[in-house]
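Scroll down for the structure; my scribbles are underneath it.
The values are calculated or read from the model by the stated rules, or taken from the named source; none is laboratory data. Just so it is clear, the model here is predicted, and its values are computed rather than measured. Cβ: placed from backbone, ideal geometry, glycine included. Neighbour counts: every protein chain shown. Note: accessible area is taken over every heavy atom of the protein model, side chains too, but ligands, DNA and RNA are not part of it. Shrake-Rupley method; radii C 1.70, N 1.55, O 1.52, S 1.80 Å.
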Amino acid sequence: NTILCDTATIYGPCAAAFGMEPWYENIKDCYELLRGRKLYQTGYDKWESDSLKSEDNPLAPINATQPRVLRTYDENGKMTDRHLEFSGRLIGGCMDCLVNLTGTSFDKVAEFQKKYRDDGILWFLESCDLNVMSIRRAMWHMKQAGWFENTKGFLIGRPLQFGQEMMGLDQYEAVMGIVREYHVPVIMDVSIGHLPPSMPVICGSLAEAVVHENKLTLEMRLR
């Protein structure tokens, strides 16, 4: 664990995904990252909304049919299509799991932030089972626990419950309603999380994010 052990970890495709044939680009990227040959990621042009996997075919390739459309918010919380650059110590993961750690003996985020105060924190977050109301509550809990202090920006992956809306709340405002006050860039629908393909990222790395013309480039450094 990056926070508890202060060591870099990889957040990306699970081991079973390496059994697909042929390999999709994110599996190739993860393999190259594991070999230390590729420390940057750019995301992917398309993503999968309907999986071809079944009990009879658990290793089906990714069925990427939906075009990537990043939703970008500037420091004022307004949607923008302008060029953005920001950096920080990259930490995060699946909100379904992370929110359960807030306020427990495993919550060492404050100590981690203090150690890397000069770098700032670049959060990457995504969700699996959470509906939009649960995403809003999870973000609120993490905020109240002080996790978002000293943040330099947010990379929010496409939620598994993509496109859901409940009582006027969608996946975008579920997040922005909590983080807008931090006045940092927020990039939504990033290729991270439970809707493949998910790009591998190095949790704990010092990362620079560049967003330009609907494309995210993430350069990670191990220091």
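Projected onto their three principal axes, the Cα atoms of the stretch 75-157 cover extents of 39, 33, 17 Å, largest first. Across all directions, the shadow cast by the convex hull of the stretch 102-213 built on its C-alpha atoms averages 7.7 square nanometres.
Accessible surface calculations at 1.4 Å, restricted to protein heavy atoms, place the chain at 50 Å² per residue. Rounded to whole Å, the principal axis extents of the Cα atoms in the stretch 67-121 read 41, 29, 20, largest first. Rg/Rh for the stretch 179-223 (Cα atoms only, Rh after Kirkwood) is 0.98.
Counting only protein heavy atoms, what percent of the accessible surface of the chain is carbon or sulfur at a 1.4 Å probe?
Details: 5510 of 11090 Å².
Answer for the chain: carbon and sulfur cover 50 percent of the accessible area.
Among 185, 200, 67, the largest mean-square fluctuation in a Gaussian network model of the chain, built with springs joining Cα atoms closer than 10 Å, belongs to 67.
For the stretch 105-185, GluC sites (Glu not before Pro) meeting the loop criterion (DSSP other than H, G, I, E, B) and having at most 15 other Cβ atoms within 10 Å: 149. Here the Debye sum runs over all C-alpha atoms of the stretch 19-71 as equal scatterers in vacuum, and log10 of I(q)/I(0) at q = 0.15, 0.25, 0.26 Å⁻¹ comes out as -0.52, -1.02, -1.05. A 1.4 Å probe, protein heavy atoms only, puts the accessible area of residue 54 near 60 Å². Can you bin the chain into rounded, prolate or oblate? Criterion: square roots of the alpha carbon gyration tensor eigenvalues sorted a ≥ b ≥ c, rounded for a/c under 1.5, prolate for a/b above b/c, oblate for the rest. Judged from the Cα gyration tensor, the chain comes out rounded (a/c under 1.5). Of the listed residues 79, 20, the order by accessible area with a 1.4 Å probe, largest first, is 79, 20. Residue 169 contributes about 20 Å² of solvent-accessible surface, heavy atoms of the protein only, 1.4 Å probe. As a quick test, which of the pairs 108/215; 53/152; 78/115; 28/108; 28/53 have an alpha carbon distance above 28 angstrom in this structure? Long pairs (Cα-Cα over 28 Å): 108/215; 53/152; 78/115; 28/108.
If you put +1 on each Lys and Arg Cβ and -1 on each Asp and Glu Cβ, how big is the dipole of the stretch 30-151 around its Cα centre, in Debye rounded to 20? Mind showing how you got there, number by number?
Details: 17 positive and 18 negative charges, 73 e Å.
Computed charge dipole of the stretch 30-151: roughly 360 debye.
Expressed to the nearest 5 percent, the antiparallel share of DSSP beta bridges inside the chain is 65 percent. Taking all protein chains together and rolling a 1.4 Å probe, residue 115 ends up with roughly 130 Å² accessible. Restricting the GluC sites (Glu not before Pro) of the stretch 1-55 to loop positions (DSSP other than H, G, I, E, B) with no more than 10 neighbouring Cβ atoms within 10 Å leaves 55.
Given 10 °C and 1.306 mPa s, how large is the Stokes-Einstein diffusion coefficient of the stretch 5-122 in µm²/s, with Rh as the Kirkwood radius over Cα pairs? Display every interim value, and only then the final one.
Details: Rh = 17.8 Å.
The Stokes-Einstein estimate is 89 µm²/s.
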